[in-house]
Structures are given as C-alpha cells and as structure tokens.
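Worksheet: one structure, shown below.
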Amino acid sequence: TNPDVYKAIVEGGANFNYVIFGVEDDTDHNPTDKFQIIIDSIEVYNKDPLEVTYGLYHSESDASSKTAVIPYTSKSDVLLKFDSAYDPDCGSVTTKKIDVKDEFKSFENGETVTPIGAVDLSISGSVLNKNCCDFGLASILGNNNELGIEGDFNACGDVFIDFDGDCDPTTLPITSATINGDKNEATFTLTVAELSSVNSTSRICMEVNGTTPINGGPYTAKFTADVAAGGSYPSGEQELCTSEVSRSGSSARVTFAITEAGVYRNYVRITNPSNLDGKVYMTVIADDGTSVAIELGNVSGITSSVLNKGASTKLIDVNDIYKAAQTKSPGFSHGDGNLRIDFSGEFGTNDRIIDGDTLGPESRTAIIVNAFGISRDGNSVFMLP
C-alpha cells in the first residue's frame, strides 16, 4: 500500500534525453510490475513521434553504461505523437437516378430527394491539445463557417443537411442552405456546434420541386473555415469531394435543328444499340430557352414510343417533331426556325468523367442520333451537330 521510496536522480533528467534513478535495496519487484513516472512537461523540437525506452538494470553503473550491459527487461513505445485534430473529409454517397419516364422532373420511383454528398466536418478521433486537455473546435474556429455545394440546382426546392442521414425533409434535425440567384451554388453557414454534428452519418440532400426537368451533373463540396483569433487552421476555400447525379438511361443532343421555316429541311434518325427495348423521349428547345417534352410516339408517322433493341427509326422530319411539340403546348414557338433537341432513351448508358463537366466517350449501349440537312433543291446534304 505504501509507494516505493526512490533515490535521487543519479544521472540525466532535466535538459537531457534520458534519466536514471534507483529503487531502495529492500524493495522487491517482479519483472511484470508496472512503474509510473510523472512528467511535468516535455519540450519537443519537431512533429516526429516521441518514443520512450524503459530498461531495468541490476545497478546504477549498469544502467549508466546502457549499451554495454543487457537489462533484465526493457520496452519501447510511443509516448506521444502529433495528429491533425481537425481534418474535414468525405465519404461515399449513392445518388438517385433522374427518371427519364417522368420527363426528368423526379428521381426514379417518384422520389423527389437524393443525397448529393457525405461530408464529415466533426473532430477526427480523440486528440488532446498541448495542455493534455480534450481538443475543442471553438479553440480554432468561429461560428460563421461556410460549406458550399457547387452544382446545378435549376429544379431545386431545397438543399439541406440531414444530420441522421436519411434525407427525409420532414424530420428534424436538418438545416437548409441558401441557394444563389444563378442556382449554381448552395451555401450553409455553420456554427461550431453544428460542425460537430456534421459527421460520417450526416448527408447533404437535394429536394427538387417536381415540376422542372432536373439537369443533374457534378456536385462539389467546398469548406471555408471561420478561423478564430489565435486559431491555427488554414484560411481559404478547401475542396472536399464531388458526387454525380445522372439521368437514367442514355441521352444525346442535336444542337442545331432546322424546321420548315429555314433554308434546309432537317431529318434525324434514332438508333437503339442496346439489347433492351425502351421508350424514347425528346425535349424540344427554342432559342429563347422555352422547351416542350414529348415522346417518340407523339410524332406524326411514328406508331410507338418504344424503340426495339438494335433497331433504328425511319428518317424523321424535324418539322414533324416541332408540330408534335406545338400540339402538346400550342404556345410554343421556334422563333426564327432553329431548335435544339435532347433525346433520351430508357436503355443504355453514357460514360461521364467527373472532372468539371467533361463528358467521356459514349458507351456502345447509348442512344445514337444522326442529324443531317438537305437543301430544298436537293443538291446539298450535310451532317448536323
């Protein structure tokens, strides 16, 4: 019950990288007994792990020689090491597909919410400060930290952080972002307490309005810390991670389509190179940005919206596509006769490189659309983009 009585330090100690002390001769110890050494402070010169080695010797002189005499027992271990106390990170997230069957106004199965990010802004692990106390974010950060999500929010009703991760906007706790006027960035302003709640379980979620076609694409999370006075943390924007929201099926675009009001008559031919039958949808877009969504079967002379596997359509006059758009929306007008047309199929996939908005090569199963023009005199034929 009584602590051992130690002799005074016989060698080393303060300002040395070792210390030798002795135990009174009448004190018996087993090799498995534990010794406690109380250290008031440690001076370190770099951030390398600080290793300590303990050795039990027969005598003070043996301990002093160290390398010349083998100790009864010895052990080495790391006494302390440096780690990043705060390191925002990302996890993987599975986004939902934008549903081609609903004119891209919702996600598959009628869902209107998808996760677009899994960001962890909490303290990483168990880390102590220089006074051996638990590290707290309030020591380095203020309460105006910004988490920004860059992406296409054209059809967005809300962007929110769901702290329990189920992306249910009807259950708390959640916090909503501010979406800018261009609808290409959503920004959260987070306190220190909120940062601690944004952990590996949390999800950044996007809720759409259900009436506007969803463009999707890449969504990139960026963090800007509100560094507190005296706090040691990098200032400026940190890019964390990128996720991708894509449309179901595959798509192709004709960027220059001419109706009968133009100089040339324009035709398209649609091919399904996959091994699955599927419907084909079109979004007809005028130069002023107004658009109408139709199906292949709405076009005069086409009997079905389903394009069979491996099949191609006949040559379709762009003017017939325009008339089908006007039938669905009588107020729709092409203006000076020029249109863009987006084609989507319930089959195949398009490859995409998640690096900005760079498109990768099309896969062999993606919908193919060939567009070409014929002059009214029949003497010129040319392909259109």
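Please treat every number below as a calculation from the coordinates, not as lab data. Treat the numbers as computed from the prediction; the structure is a model and nothing was measured. Here Cβ is always computed from backbone atoms with ideal geometry, including for glycine, and neighbour counts include all displayed protein chains.
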Residues in region 305-348 reached by a label modelled at Thr290 [backbone nitrogen below 15 Å; 7 Å Cα→Cβ]: 322-340
Region 166-286, relative contact order in percent, only Cα pairs under 8 angstrom and at least six apart counted: 14
Translational D in µm²/s for region 37-92 (Stokes-Einstein at 4 °C, 1.567 mPa s, Kirkwood Rh from C-alpha pairs): 88
Debye intensity ratio in log₁₀ form over the Cα atoms of region 248-336, taken at each q of 0.13, 0.19, 0.25, 0.26 Å⁻¹: -0.42, -0.89, -1.42, -1.50
Pair Ala193, Cys90: separation of 7 Å Cα→Cβ label points (nm): 3.0
Length added when fully stretched, Ser304-Asn209, from 0.36 nm per residue minus Cα-Cα: 31.2 nm
Listed residues Val78, Ser65, Gly110: farthest to the positive end of the dipole of region 64-117 (Cβ charges): Ser65
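Taking a ≥ b ≥ c as the square roots of the eigenvalues of the Cα gyration tensor of region 175-298, is the shape rounded (a/c under 1.5), prolate (a/b larger than b/c) or oblate? Present the calculation step by step, with values, prior to reporting the outcome.
Values: a/c = 3.22, a/b = 2.47, b/c = 1.31.
Cα axes put region 175-298 in the prolate bin.
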Net dipole in debye of region 160-276 [+1 Lys, Arg Cβ; -1 Asp, Glu Cβ; about Cα centre; nearest 20]: 760
Distance in nm between pseudo-label sites at Asn109 and Glu244 (7 Å out along the Cβ direction from Cα): 2.2
nm² value of the averaged projected area, convex hull over the Cα atoms of region 69-114: 7.8
Full-extension gain in nm, Arg340 to Ser235, via 0.36 nm per residue minus C-alpha separation: 33.4 nm
Contour excess over end-to-end distance, with Cα ends at Phe332 and Ser200 and 0.36 nm allotted per residue: 42.8 nm
